[in-house]
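S.K.: Let me give you the structure first, and then I'll get to my questions.
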Amino acid sequence: MGRKFWVGGNWKMNGVKKEIDGIINFLQAGPISPDVEVVVGVPALYLEYVKNKLPCSVAASAQNAYKVPKGAFTGEISPAMIQDIGVCWVILGHSERRNVFGECDELVAEKVAHALESGLCVVACIGEKLEEREAGQTEAVVFRQMEAIACKICDWTNVVVAYEPVWAIGTGKTATPQQAQDVHRKLREWLCTNVSECVAETTRIVYGGSVTAANCKELAQEEDIDGFLVGGASLKPEFIQIINAKAC
Ligand code: 13P
């Protein structure tokens, strides 16, 4: 069974209602290939608003969630709350959560485990910084991030792994298809060795970092690239072309 192509738009902290309505308009106009699973990561405040307006071919996702269902954690939201409004996805461990807000591997892994236990699907983000790549540590870093998650979960069915090299995020510097493919293949081999052959074969590993309409087709052709997590370009109509990168 093949891995269904998966494309996520991570809006980050962008979009007020007026802008969001514009994004929803182009998502409604599509066309969106039925061969692609599409998810948009929405600021928490607007999740319910967006969920009620999206075409049925596009799912909404939260961009973060804490590791427990409820309690004295001012400013946080929980997977139970996300589920309560009928949203099924959450993005966890994004490089901005790790590097701007100081989330460590352990916390990300705890959040992934709790979100899965709560019944959400998870986009688990990993990726190396520029200095780590330049020091030849890419593999060591992404394997360490995967290991932390693998220690805390048993079932990978509802996990999409997003490989997002930090140096490619929001910089206009995309990894070459070969650079991305090399890491994706190593991640799949890692899953095969450390989890199971079945999980390695079935888990979607998507690429993120300055994906645009101009570079998505070439990236989509790589064997181990099963989709994208798109930041800036997901706010623009070209997101439709990225969604359909593999389909046409
Ligand atoms: P950009 O596509 O803006 O580089 O962002 C990538 C990203 O962080 C998606 O999660």
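S.K.: Ignoring ligands, DNA and RNA, what accessible area per residue does the stretch 70-113 give at 1.4 Å, in Å²?
M.R.: On the way: 2160 Å² over 44 residues.
Solvent-accessible surface per residue comes out at 49 Å².
S.K.: So between C56 and E106, what do we pick up on full extension, going 0.36 nm a residue minus the alpha carbon distance? Mind showing how you got there, number by number?
M.R.: On the way: separation 50, 0.36 × 50 = 18.00 nm, distance 3.48 nm.
Result for the pair: 14.5 nm of gain on full extension.
S.K.: Please compute one quarter of the surface area of the Cα convex hull for the chain and express it in square nanometres. Intermediate values should be presented prior to the final figure.
M.R.: Values: hull surface 49.3 nm².
Projected area, direction-averaged: 12.3 nm².
S.K.: Let me ask something else. Using only the C-alpha atoms of the stretch 176-215, find the volume of their convex hull and express it per residue in Å³. The partial results should precede the final answer.
M.R.: On the way: hull volume 2.7 nm³, N = 40.
About 67 Å³ per residue, rounded to a whole number.
S.K.: List, in order, the whole-Hz ³J(HN,Hα) value for each residue of the stretch 146-158 obtained from phi through the Karplus relation with A = 6.51, B = -1.76, C = 1.60 and θ = phi - 60°; use x for Gly and Pro.
M.R.: These are the phi-based 3J(HN,Hα) values: 5, 4, 4, 6, 4, 5, 10, 10, 10, 10, 9, 3, 9 Hz.
S.K.: Multiplying the sequence separation of A140 and Y49 by 0.36 nm and subtracting their Cα-Cα distance, what value in nm do you get? Walk me through the numbers on the way to the answer.
M.R.: Details: separation 91, 0.36 × 91 = 32.76 nm, distance 4.05 nm.
Extending this stretch completely gives an extra 28.7 nm.
S.K.: Would you mind computing the Rg to Rh ratio of the stretch 157-248 from its alpha-carbon coordinates, Kirkwood style for Rh? It would help to have the intermediate numbers written out before the result.
M.R.: Working: Rg = 13.0 Å, Rh = 13.3 Å.
Checking Rg against Rh, the ratio lands at 0.98.
S.K.: Please state, to two decimals, what the Cα-based radius of gyration of the stretch 91-169 comes to when divided by 2.2 N^0.38 Å (N = residues).
M.R.: Working: Rg = 12.2 Å, N = 79, 2.2 N^0.38 = 11.6 Å.
Taking the Cα Rg and dividing by 2.2 N^0.38 Å, one obtains 1.05.
S.K.: Next question, about the same structure. Send over the Kirkwood Rh of the stretch 1-75, from the inverse of the averaged 1/r over different Cα pairs, rounded to one decimal Å.
M.R.: Working: mean 1/r = 0.0728 Å⁻¹.
For the stretch 1-75, inverting the mean 1/r across all distinct Cα pairs yields 13.7 Å.
S.K.: Order of 175-185, 132-142 by packing, highest average Cβ count within 10 Å first? Please report the intermediate quantities before stating the final value.
M.R.: Details: 175-185: 18.1, 132-142: 15.5.
By packing density, highest mean first, the sequence is 175-185, 132-142.
S.K.: Between A60, A72, A80, where does the largest GNM mean-square fluctuation fall for the chain, given springs only between Cα atoms within less than 10 Å?
M.R.: Result: A72 has the largest fluctuation of those listed.
S.K.: Towards the positive end of the charge dipole of the chain, with charges on Cβ (+1 Lys, Arg; -1 Asp, Glu), say which of F143, C56, F5 has the farthest Cα.
M.R.: About the Cα centre, the residue reaching furthest to the positive side is C56.
S.K.: Now a separate question. For the chain, what is the calculated [θ] at 222 nm in deg cm²/dmol (nearest 500), taking -39500 (n - 2.57) for each run of four or more DSSP H residues and dividing by its residue count? Don't skip to the end; give the middle numbers.
M.R.: Values: 11 runs with 94 residues, N = 248.
The helix contribution divided over the chain gives -10500 deg cm²/dmol.
S.K.: With label points built 7 Å along Cα→Cβ from the Cα atoms of R3 and A72, find their separation and express it in nm.
M.R.: Between R3 and A72, the label points sit 4.3 nm apart.
S.K.: Report the Cα centroid-to-centroid distance between the stretch 149-213 and the stretch 12-88 in angstrom, as an integer.
M.R.: When both Cα centres are located, 22 Å separates them.
S.K.: Using 0.36 nm times the number of residues separating Q178 and N99, minus their current alpha carbon distance, what extension gain do you get?
M.R.: Values: separation 79, 0.36 × 79 = 28.44 nm, distance 2.58 nm.
Between Q178 and N99, full extension yields an extra 25.9 nm.
S.K.: Just going by the charge dipole of the chain, with Lys and Arg at +1 and Asp and Glu at -1 on Cβ, which of A65, C198, G93 is farthest out on the positive end?
M.R.: Going by the Cα projections, it comes out as A65.
S.K.: Too long at a 24 Å Cα-Cα cut-off: which of K18/K51; K53/K173; K12/K129? Present the calculation step by step, with values, prior to reporting the outcome.
M.R.: Details: K18/K51 15 Å; K53/K173 33 Å; K12/K129 19 Å.
K53/K173, as the Cα separations exceed 24 Å there.
S.K.: Going 7 Å from the Cα of K18 in the Cα-to-Cβ direction, what parts of the stretch 227-248 have a backbone nitrogen less than 20 Å from that spot?
M.R.: Flagged as within label range: 235-237.
S.K.: Moving to a separate point now. Can you give me the accessible area per residue for the stretch 121-160, using a 1.4 Å probe, in Å²?
M.R.: 46 Å²
S.K.: Over the chain, what percent of the accessible surface lies on carbon and sulfur atoms, probe 1.4 Å? Display every interim value, and only then the final one.
M.R.: Working: 5920 of 11240 Å².
So the carbon and sulfur contribution to the accessible surface is 53 percent.
The values are calculated or read from the model by the stated rules, or taken from the named source; none is laboratory data. Note that the structure is predicted; figures quoted are calculated from it, not measured. Please note: Cβ atoms are built from the backbone with ideal geometry, for glycine as well, and neighbour counts cover all protein chains shown. For accessibility, only protein heavy atoms count, side chains too; no ligands or nucleic acids. Shrake-Rupley method; radii C 1.70, N 1.55, O 1.52, S 1.80 Å.
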